[in-house]
Each structure stands twice: as structure tokens, then as C-alpha cells.
Amino acid sequence: MSNEHSHAGNPASPPEDSAAGVMTKCVACSRELRSAVVCDYCHTLNPIGAPTDYFALLGVPRLFNLDADELRRRYLELSRHAHPDFFTGGSEESQVLAMTISSSLNDAYRTLSDPFERAEYLEELLGGPSSAVDKTTPQGFLDEMMVLQEELTEARLAGDHLALERHGETLRARLAQMMARVAELFADFESQLGCEGIRLECLGRIRRQLNAVSYIRRLVSMTAGT
């Protein structure tokens with residue numbers, strides 16, 4: 001198809017940030033790229049640099065506290081220009097590039113639009129420990145959760161839907177409070193620009209909080225169907 005979506009230039013040496021492997025200028029018009037894959041000016045698709053994180057793909061700040069409406073707007077705008085249907089009449093190279101970019105945009109939006117998944121992704125992106133490496137939780141949390149899990153199990157076995165519903169409401173409120181705390185911890189991290197030691201401590205606190213959130217999410221699932 002011959003229109004603005006058909007551009008997919010591939011010069012021998014496209015301008016990029018050599019430290020991050022991310023494209024910085026459009027291969028077609030040489031304008032600065034806001035998104036790592038679609039030019040905001042001429043809508044040319046640009047090859048995905050490696051590594052390119054989800055925030056760069058969507059052209060949004062690498063922050064936990066993202067504007068959900070702006071995130072969705074960016075995703076829809078970029079997806080519209082990268083949709084494979086616009087490249088069915090183009091070269092095989094442009095079709096493959098469109099499919100690759102479209103799939104990457106979908107993965108990026110799916111992750112960043114979910115606050116918990118966004119927090120997990122950002123935690124590791126910033127150099128924090130994964131849940132597989134650090135399984136710790138805030139002090140006293142697991143003892144509290146073991147008691148609650150027993151109560152939920154008993155309620156499910158007894159078919160006590162009212163009890164499950166009450167637990168579900170309490171857990172969802174607790175989950176909202178804990179995610180608000182995650183946001184505060186990321187804000188603390190972002191404010192510690194000059195001290196690597198404190199930043200690492202912040203990431204450790206975030207990991208413990210996210211591990212606790214993950215546990216609460218599992219308990220919420222036990223109240224499903226109430």
C-alpha cells in the first residue's frame with residue numbers, strides 16, 4: 001500500500017544511542033524519535049534497537065506513576081501506524097518489521113497498563129532483584145497471611161460465600177493500599193539521584209513490597225466467584 005505507513009527505511013548505519021542500543025533519530029527524516037520504533041513526524045517504522053525497553057517503545061517516561069490515559073493514547077497512536085494490515089502490499093522486509101513492532105507494542109502496553117506488572121518490570125529494569133532471587137516480605141507479613149489463608153480455605157470448604165465476600169473486599173482494599181505504597185517507594189527511589197547505596201536499598205524495599213502484593217493477589221483469587 002502506498003501511503004504514509006509504507007515507510008520502513010533501513011540505512012546501513014542508522015543513528016542510535018550506542019550505550020543503550022536504542023534508535024535516537026528517524027531513519028527517514030532524521031528527526032529525534034520519541035518512541036523507539038515509530039516516528040511522530042513522518043510515521044516511518046524504525047528498526048527496533050536491542051535492547052529496547054517497553055517505556056522507550058511507547059515513548060513514555062521510565063516511571064512507575066504513568067498517566068494511564070496518555071499511555072493508552074500513545075499505544076493506540078503507535079499501533080495505528082504500525083498495524084501489519086497497512087503493509088500487506090509492501091516488501092517482505094516491511095511486513096516483518098510491522099509485525100515485529102506491532103507485537104512488541106502489544107507486549108509493552110499489556111505490561112505497562114497493569115500497575116503490578118509495570119512495577120515488576122520497572123523493578124528489574126532499574127537493577128532491582130527479581131522475585132526468584134529475593135523472596136522476602138515485610139516483617140510479620142507471612143504469619144498474618146498464613147492465618148488468613150487458613151480462614152479462606154475453611155470458608156471455601158464450608159461454602160461460606162458471605163465470609164469469602166467479606167475477605168475479598170478486605171483484601172482488595174489492602175491491595176490498593178499496598179500498591180499506593182509501591183508508588184511511594186518508587187518516588188523515593190527517583191528522588192535519590194546521587195546515592196547508589198540508598199537507591200539499592202529502595203529497590204530492596206520495593207521488592208519486599210511487591211512480593212507481599214503478589215501474595216495478596218493470590219489470596220484475592222481464592223475469593224473469586226463470590
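Please treat every number below as a calculation from the coordinates, not as lab data. The structure displayed is predicted, hence computed values, not measured ones. Backbone-built Cβ (ideal geometry, glycine too); neighbour counts: all protein chains shown.
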For this session: Restricting things to alpha carbons, find the Rg to Rh ratio for the chain using the Kirkwood radius for Rh.
Result: 1.09
Problem set entry | Computed lengthening from Glu144 to Asp67, 0.36 nm per intervening residue step minus Cα-Cα distance | 24.3 nm
Seminar exercise, completed: Rounded to one decimal in Å, the inverse mean reciprocal Cα-Cα distance for segment 129-222, i.e. its Kirkwood radius, is 14.6 Å
Problem set entry | Equivalent ellipsoid semi-axes - Cα gyration tensor, segment 24-99, angstrom | 22, 14, 11
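Nothing charged except the Cβ atoms of Lys and Arg (+1) and of Asp and Glu (-1): what's the magnitude of the dipole of the chain about its Cα centre? Round to the nearest 20 debye.
The dipole of the chain has a size of about 120 debye.
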Exercise. Hey, if you put +1 on the Cβ of every Lys and Arg and -1 on every Asp and Glu Cβ in the chain, which of Pro138, Pro47, Tyr75 ends up farthest toward the positive end of that dipole?
Worked result: Tyr75
Problem set entry | Placed amide H near Lys25: partners under 5 Å, 5+ positions off or other chain | Leu33
For this session: Enumerate the amide H contacts of Val38 below 5 Å, restricted to partners 5 or more residues apart or on another chain; note that Pro and chain-start residues carry no placed amide H.
Result: Asn46
For this session: About the Cα centre of segment 73-139, how large is the charge dipole given +1 on each Lys and Arg Cβ and -1 on each Asp and Glu Cβ? Please answer in debye to the nearest 20.
Result: 220 debye
Seminar exercise, completed: Mean Cβ-within-10 Å packing, highest first, puts peptides 97-103, 169-175 in the order 97-103, 169-175
